[in-house]
Ligand code: MN
């Protein structure tokens, strides 16, 4: 399935403009504005490749440490479900990281290309090459703030460094991605000059990063549209979620011509995380009618495997993979869903490997009670159903809130412990031992 063709003159959202899977044969009853010809993004690429950052940026989530075995299991599953590019890690960080990346390269994936990250430093790039990866992503900052305070270089020195690194990597026959950090707070003329130099040096793609999630979708469109007109190599985008816009910004980039969006499973990553794989993929599949080639039915399996390895629990209401994403409690909603699932669901949960759940609580109505009884072959008169509903409501409303608050606090503390990382006390104990001093 690619973007379907609609009547070009038709700017009215008509019933026929619907996604076959999404509307489950109810095209006559539902309007799908998403696939109107009028709103079709003109510059959206025909071939989109998902570049997943879970094992690199994702692992930089505070407190997260992945074992070789965990990285291999996650990468294998990504390969199986059809993720196009996997960033395996940053070999120059540590000897242990180099071993992990090497082990992943030895797996020999069938669907995924393996990539490793490097600063624009020859030694870092050599470390990637030694691991025998397919692609290298070499990065340097592009905003004047980073250039002045972090790199302590001039703009021209940054260009020289980038060109040298790209040429060096290209000599080794790998696909070279040139990444700029903080691209969305960089001078666009300078950014364009830097990317043009990268393109001339042989870079295969450039990666625009919204490193601190500072752009809104219109800004991403503005930057990407400018770059698309000035460059001929494919564009990639790396969006952070500091304002909750990572998915929206990634899609805005794709609408303007980005063909290689970055994602992280469950939206993991530094601070508020990166664009979640499951959201970007499902938005492409459902809202744009674009076939990513990814086996979406196993997205939940990938989410759970990753959550277990990261020890970072998902928000209950996280889109697509959160506990509540396909749960219903309110009587009106349950009644609707039981009559036809699409009344209160955007997609069937099976599409992402989920099942629907009904929650019994304060907002429960008679329909779910009747449904559950009928499943067991029991029919009950209306007044009995209402009596059961009232008892469910009473039970929900009279539970001790104090007790529940205590349970939540305990759970939050347990999560902090599971997350790992070092306590202040543990840190100062190490300092005392190493320096032989007593810290007050
Ligand atoms: Mn990042």
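Every read-out reported here was derived from the displayed coordinates using simple, explicitly stated rules and does not represent laboratory data. Just so it is clear, the model here is predicted, and its values are computed rather than measured. Backbone-built Cβ (ideal geometry, glycine too); neighbour counts: all protein chains shown.
Averaging the Cα positions of each part gives two centres, and for segment 151-173 and segment 365-428 these lie 56 Å apart.
Ranking of 434, 389 by neighbouring Cβ atoms within 10 Å, starting from the fewest: 434, 389.
Could you list 135, 307, 278 in order of exposure, starting from the residue whose Cβ has the fewest other Cβ atoms within 10 Å? Can you show the working numbers first?
Working: 135 22, 307 17, 278 26.
By the 10 Å Cβ count, ascending, the order reads 307, 135, 278.
If the Kirkwood radius is taken over C-alpha pairs of segment 51-310, then at 10 °C and 1.306 mPa s the Stokes-Einstein diffusion coefficient equals 88 µm²/s. Across the alpha-carbon atoms of the chain, the computed radius of gyration and Dmax are 25.2, 81 angstrom. Taking the chain as a Gaussian network of alpha-carbon nodes connected by springs under 10 Å, the highest mean-square fluctuation of the residues 372, 429, 318 belongs to 429. On the beta carbon distance between residue 272 and residue 386, with R0 = 60 Å, the FRET formula returns roughly 0.85.
Exposure proxy shown here: for 51, 428, the number of other Cβ atoms within 10 Å sets the order, fewest to most, as 428, 51. Extension gain, residue 222 to residue 396: 0.36 nm times the residue separation minus the Cα-Cα distance gives 57.6 nm. Counted over segment 327-399 with a bin width of 5 Å, the fraction of Cα pairs per bin, in whole percents, is 4, 17, 23, 23, 18, 10, 5, 1. Fully extending the segment from residue 376 to residue 415 would add 10.2 nm, taking 0.36 nm per residue of separation and subtracting the current Cα-Cα distance. Of the beta bridges in the chain, as assigned by DSSP with both residues counted there, near 5 percent are antiparallel. Going by the alpha-carbon gyration tensor, a ≥ b ≥ c the square roots of its eigenvalues, is segment 105-148 rounded (a/c under 1.5) or, if a/c is not under 1.5, prolate (a/b greater than b/c) versus oblate? Cα axes put segment 105-148 in the oblate bin. The angle between the Cα long axis of helix 95-107 and the longest principal axis of the Cα atoms of the chain comes to about 70 degrees, rounded to the nearest 10. By definition, a body whose alpha carbon gyration tensor gives a ≥ b ≥ c is oblate when a/c is 1.5 or more and a/b is not larger than b/c, and segment 294-440 fits this oblate description.
Taking the C-alpha atoms only, the angle from helix 382-398 to the longest principal axis of the chain is near 50 degrees.
Between residue 440 and residue 363, the contour length at 0.36 nm per residue exceeds the Cα-Cα span by 22.3 nm. Computed over the chain with a Gaussian network model linking Cα atoms closer than 10 Å, the most mobile of 80, 424, 301 is 424.
Modelled label positions at residue 126 and residue 431, each set 7 Å beyond Cα in the direction of Cβ, lie 3.6 nm from each other.
Rg over Rh of segment 367-410, using C-alpha atoms and the Kirkwood radius, what does it come to?
When Rh is taken as the Kirkwood radius, the ratio is 1.21.
For segment 222-310, the spread of Cα positions along the three principal axes, ordered from largest to smallest, is 43, 30, 21 Å. Between 267, 293, 173, the residue with the greatest mean-square fluctuation in the GNM of the chain (Cα pairs under 10 Å linked by springs) is 173. Could you tell me how many degrees, from 0 to 90 and to the nearest 10, lie between the Cα long axis of helix 217-230 and the main elongation axis, the longest principal axis, of the Cα atoms of the chain? Taking Cα atoms only, the helix is inclined about 40 degrees. Across the chain, C-alpha contacts under 8 Å between residues 6 or more apart give a mean separation that, scaled by the residue count, equals a relative contact order of 14 percent.
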